[in-house]
1. Ranked from highest to lowest mean number of other Cβ atoms within 10 Å per residue, what is the order of the peptides B:115-127, A:84-96?
2. What does a probe at residue B:161 reach in segment B:17-37, counting residues whose amide N is under 20 Å from the point 7 Å along Cα→Cβ?
3. Compute the whole-percent fraction of alpha carbon pairs in segment A:225-270 spaced more than 16 Å apart.
4. So which lysines can residue B:188 reach, going by Cα to Cα under 18 Å and dropping same-chain residues fewer than 8 places off?
5. What does the structure give for A:59-65 when I average, per residue, the other chain Cβ atoms found within 10 Å of the residue Cβ?
6. Evaluate E = 1/(1 + (r/R0)^6) for residue B:229 and residue B:475, where r is the Cβ-Cβ distance and R0 equals 56 Å; express this FRET efficiency to the nearest 0.05.
7. Between residue B:169 and residue B:183, what length in nm is gained on full extension when 0.36 nm per residue of separation is reduced by their alpha carbon distance?
8. Go ahead and run the numbers for FRET between residue B:199 and residue A:57, Cβ-Cβ distance against an R0 of 41 Å, rounding to 0.05.
Amino acid sequence: MAAKQSLSVALEPRASLSFDDYVTDCAWSPDGTRLAVAGGEGKVALVSVGDPFALQQIGEHLLGALAVAWQPRAQRFATSGQDGYIALWDATGGTQLKRWKPGVAATQSLAWSPDGELLASAAGKVVCLWSAGGDKVHAFAPAASTAVAVTFDKPGTDIGVALNGEIAVHRVEKSRYETRRYKWPAACLTVNFSGNGRFLASGMADGTLHFWNRSTGKDSQMRGYDGKVQLVGWSDNSRYLASSAGNDVVLWDFSGRGPEGTRPIVLSGHTDRIDSFHWQPGGEHFITGGRDWRVSLWRPAKARQPVDVQMVDGEISAVRWSPDGKRVAIGEKQGRLTIFDLVAR
Amino acid sequence: MSVTPSRVPVTVLTGFLGSGKTTLLNRILSEKHGKRIAVIENEFGEVGVDSELVIGAEEELFETNNGCICCTVRGDLIRILGQLMKRRDRFDYILIETTGMADPGPVAQTFFLDDELKNQFQLDAIVTMVDARHFEQHVDELNEPAEQVAFADLVLLNKTDLVDDAALARIESRIRGINGTAKIHRTKNADVPIEKVLNVGAFDLNRALAVDEAFLEPEYPFEWGGVYALAAGDHLLKTAGEHDHHSHEHGAHEHGHEHHDNHDHNDGHDHEGHKHEDLDVVLLPLPEATPAALNDAIEKAVRAFAEPATVVPCHGALPEIPAHYAIDVSHPGADFKLKIAKPGAYALFCEHHPAEFGLHLHGANPAAERRFASHHHEDDIASIGISDPRPLDPAKVNQWFDYLLKSRGQDIFRMKGVLNVKGEDRRQVFHGVHMMFDAQAERPWGQAPRVSNLVFIGRGLDRAEFEAGFESAVAK
């Protein structure tokens, strides 16, 4: 019995911090010692993991911060804001290294290549690549519509861009750029490469989820959502594709012959909309945060019920696992930030 | 458990290119009115110039730079509204400026279709600005101005100082004909009390849908029909004005191609919309001069329009009824003799609204009349955006613009931009509407990158021509 119990885990509150701004998103440093936080009213803050945890506001973006992305293998992160700027921050001193305005439109999405050498930005219709120092490496030709999300695949050779009516995948090889397009006549809201490289998924504004087999180009459509599929994420082992358009999480199982024709796993329990979720790095746990002030921890391979549920002080806007998968940061719309540790029970 | 605060009212501001929306926004963003207003702009162009044109208001200004609002912008609009809602000190009002080419319908519908928006925002009104000086011309040539007016809760009839009272009355009646329920407020230089724009509180989903349906009506070959009670004998169908044989001999009406160097907006220059052309009309006998009889005659009129028309020159006669004629209305003061053998009710259906030509039956008013949804299709209207950091030579810019306005003034509905002029530390901002053009120096560039951003919106514009023009103005 004792051995079985040790498999069971729970969330234990570790720290509660006042960010005093709407938590748009947060990003952990690769070593898990720091957390960068971006605020809807524009605050940029840095949390130092310690005893106690400390939160320090280090800068701001006028009119709101839109994205935060931590550079792999470094103590640096990038933020972007409604003011149109991208900023690079040094996390050791909490200082701004560079701030620049790539164009007229605000940068809505930022993504680092896995090796930390390239930063991709999506601003309006233009996706740009920047060096780690913030110098322009390449600007892709403007798309026909606004790029709402940008991401790298795991090897870092492909950049996926979510557009209206297509996912564009730019391949970057020795400064040569080739573009492949995965089309569907609806606004693509997310772009998600599976870790094993086999699939490309996107949540759509028309209430569908699409995934393409990247070797055959075959497009599969999953329906039955209540509305826009705004949250999409692959489990670390590429077995599950999680998605949400409301109070439930819909999980598609890619083991065996894949999810087509199967019924998805539905994780129910939230009583209001889920606004953020995240798969545990290196593990099977999955965390969700909702407008019902509830944080739910799931282990979908084992159970359809949450492993643990914790209440926080307000509507949740961001949930992020630390890179070692042992800790989660929970950001709230009213500005509180809570850190939970994953503990055995 | 979640607390739902009161919804934030949203005003959608629409209006054809050059109607004065930017001027109004500048007022809203600069005047002291004690309200916190977030303005969302939507620009029909390849570069976002409007944010540069709104002077000193960066902190309140949000721009979605996204092409036509009918399609791709919805996602973005929702994004920006979501971003606004992340502010815990909330705005009192949100004002969405649609591009001049947009149909405001999709934006309005978004607030009803999207659950997220529905919970957080309350659409207050669609406000349409109308440029009194160019409205009649635009509405004849394009679909959008009529659509924008059709969707409006409030029409701001702007630039009333640039037209005479007769024109104002004609425009108002035309607006009324398109939208019988909108309030009309006359303004000069977009000077309207902000409460009038933001507190309309009149948005009515049913009305928006009803208008939408009207635009889905079947396509008729005519825009207007009227029924008259006529005595036997000759009647005269006349166009407005005095017949001028000179303009006849010279063919197409001269369009005043001299450049308006003095920027005089009151020079009486008139954009002649119809230098052609035959107007197709159908005459039908009706049992009585009533709206019901007119409605009953619609099908018959459609069939008659399908028959070949008899061409009638100026001063010609329309001897038969029923019949389909093509009357030459290219000259002011043209008249046509209508021979009525038997007293009674007669319907006249016109391809275009008769008011466009001042066409009327001398001494008779229609007992009933009706407009029909016309389906002009926007054809080759596009925008050309040029964004270039190279400094420009002021003299060469002037030459280029002079040439542009002379050669393409009629085709360019709107031009605006910010110029990086060599040796000038302030931004040169320009606006142009057709051949009228105004430029002034605005705030200094300061730390901002010096880049010229120009947008030209018009019909049949050739990008290569504009790029070559810009190239010719680059300082050597």
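Any read-out appearing in this document is the output of simple, stated calculations on the displayed coordinates, not a laboratory observation. Nothing here was measured: the structure is a model prediction, and the numbers come from that model. Backbone-built Cβ (ideal geometry, glycine too); neighbour counts: all protein chains shown.
1. Details: B:115-127: 20.3, A:84-96: 18.2.
Put in order of decreasing packing, that is B:115-127, A:84-96.
2. Zone members listed by number: B:18-32.
3. Working: 380 of 1035 pairs.
Percentage above 16 Å: 37.
4. Within reach: B:21, B:159, B:196.
5. On the way: counts 0, 0, 0, 2, 9, 6, 2.
Shielding by partners across A:59-65 averages 3.
6. Numbers: r = 70 Å, r/R0 = 1.26.
The value I calculate is 0.20.
7. Numbers: separation 14, 0.36 × 14 = 5.04 nm, distance 1.46 nm.
Gain in length upon complete extension: 3.6 nm.
8. Working: r = 38 Å, r/R0 = 0.92.
Computed FRET efficiency for residue B:199 and residue A:57 comes out at 0.65.
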